[in-house]
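First up is the structure itself, then whatever we jot down about it.
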Amino acid sequence: MQPRIVVYKSLPADVLAYLREHTHVDTVYPEQFDSREAFVAALAESLTQADGAIGASVKIPPSMLESAKRLRVLSTVSVGIDNFDVPDLTRRGIVLTHTPDVLTESTADTVFALILATARRVVELADWVKAGHWKGSIGEAQYGVEVQGKTLGIVGLGRIGGALARRAALGFNMRVLYTNRSRNEAAERAYGARRVELARLLGESDFVCLQVPLTDETRHLIGARELRSMKRSAILINASRGATVDEAAIIAALSDGTIAGAGLDVFEEEPLPVDSPLLRMKNVVALPHIGSATHETRHAMARCAAENLVDALANRLSRNVANPDVLKS
Ligand SMILES: NC(=O)C1=CN([C@@H]2O[C@H](COP(=O)(O)OP(=O)(O)OC[C@H]3O[C@@H](n4cnc5c(N)ncnc54)[C@H](OP(=O)(O)O)[C@@H]3O)[C@@H](O)[C@H]2O)C=CC1
Ligand SMILES: O=C(O)C(=O)CO
């Protein structure tokens, strides 16, 4: 008998067809429900009958799994795994798979787009032109700051951080500093990246980019104190998860000139509430969590997650397992 799965995010037709070839598919999509609560309740109910599930952007806490006695595999269409309690999944014997690598380059592009957009005030000035304010030669009031030759601090130099370091060092002749718990020797060799303490990175960088996973250790890693230790001319870029930064602290720091600007792809609450002060700040470029959002990358992520699920259900997956300890039990 084919394993039974729940698909809780719409997937490209060919990926869904692939899943239907190998499994019995049930679907529960957010857009079918009037409220988020109703969707989550329906998902929890369908997990009770499922061997596996595939989707993204939904928190799946232990409480949702109490009655999911058959569940063996959760496949997230993302590299980030902060929607799950990973040790709890391991205790339950549930394999968690994710999609590293396939989104690395497109996400690094988004980060670099935020660096350039904030430094050169691209969004603010494009809006200024559209509003009919361009009536003569531009002057200092419209100048931005240089990116090339500056110092880039990467908090979390892993796969995406490495692709960012490559763009910065080889494309823009930037000096690269980073903080990781362990050294990234490949990035040190290839891009001259230098591992330093967070305090030094914050104090010396012109652009501080967060690319750490969201964990208990990294939640609110950047708060009021850290923002105060940055240069007043510095720009903060966050394309990791909103909660790696204390959003109230960043709003205060941007309002009082503690830092010069921010490029944000992720927020503590998503979608960003329409009354967020961030939306009224000229020195903020806010994006709707588009780090990996190209047609090509999103398709590759869906395909990767589907293959992860099918292979894990067949007990033949050794790649892309976020809790490899589960395979030992
Ligand atoms: N905006 C978007 O759309 C996207 C956002 N993301 C986010 O980016 C994150 C990173 O992805 P990816 O580069 O593939 O992941 P990697 O695991 O390759 O890189 C993460 C890096 O963070 C470092 N790190 C982890 N914990 C800490 C810590 N406590 N202190 C300092 N450094 C730490 C790791 O080094 P070490 O272990 O040595 O500390 C590692 O170098 C994802 O988890 C996701 O949240 C990813 C894709 C798209
Ligand atoms: O993969 C992730 O973790 C994302 O945030 C979306 O690509």
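Points worth noting:
- Filter result for residue 176 (farther than 14 Å from residue 234 by Cα, away from ligand 2 (no atom under 16 Å from the Cβ), assigned by TED's automatic domain parsing to the domain that holds residue 262 and in contact with a strand residue (DSSP E or B) (Cβ under 6 Å, 6 or more places away or on another chain)): yes
- Test set (1) more than 14 Å from ligand 1 (Cβ to nearest atom); (2) in the same structural domain as residue 199 (by TED's automatic domain parsing); (3) over 21 Å from residue 144 (Cβ atoms) - residue 255 fails condition number: (3)
- Selected residue (only one of 101, 34 is of a type in the set (Asp, Glu), farther than 22 Å from residue 216 by Cβ and within 23 Å of the chain's Cα centre (by Cα)): 101
- The criterion of being among the aliphatic types (A, V, I, L, M), buried (at least 16 other Cβ atoms within 10 Å of the Cβ) and under 21 Å from the mean Cα position of the chain (by Cα) holds for residue 221.
- Residue in the range 173-182 that is small (Gly, Ala, Ser), closer than 16 Å to residue 159 by Cα, surrounded by fewer than 19 Cβ atoms within 10 Å (Cβ to Cβ) and modelled with pLDDT of 95 or more present: yes
- Members of the range 227-247 that are among the charged types (D, E, K, R) and assigned to a loop (DSSP other than H, G, I, E, B): 231, 232, 241, 246
- Considering residues of the range 69-88 that are closer than 22 Å to residue 243 by Cα and more than 9 Å from ligand 1 (Cβ to nearest atom) only, the residue surrounded by the fewest Cβ atoms within 10 Å (Cβ to Cβ): 87
- Residue within the range 12-20 that is among the aromatic types (Phe, Trp, Tyr) and in contact with a strand residue (DSSP E or B) (Cβ under 6 Å, 6 or more places away or on another chain) present: no
The values are calculated or read from the model by the stated rules, or taken from the named source; none is laboratory data. A quick note: this is a predicted structure, and the numbers were derived from the prediction, not measured. Glycine gets a Cβ as well: all are built from the backbone with ideal geometry, and neighbour counts include every protein chain shown.
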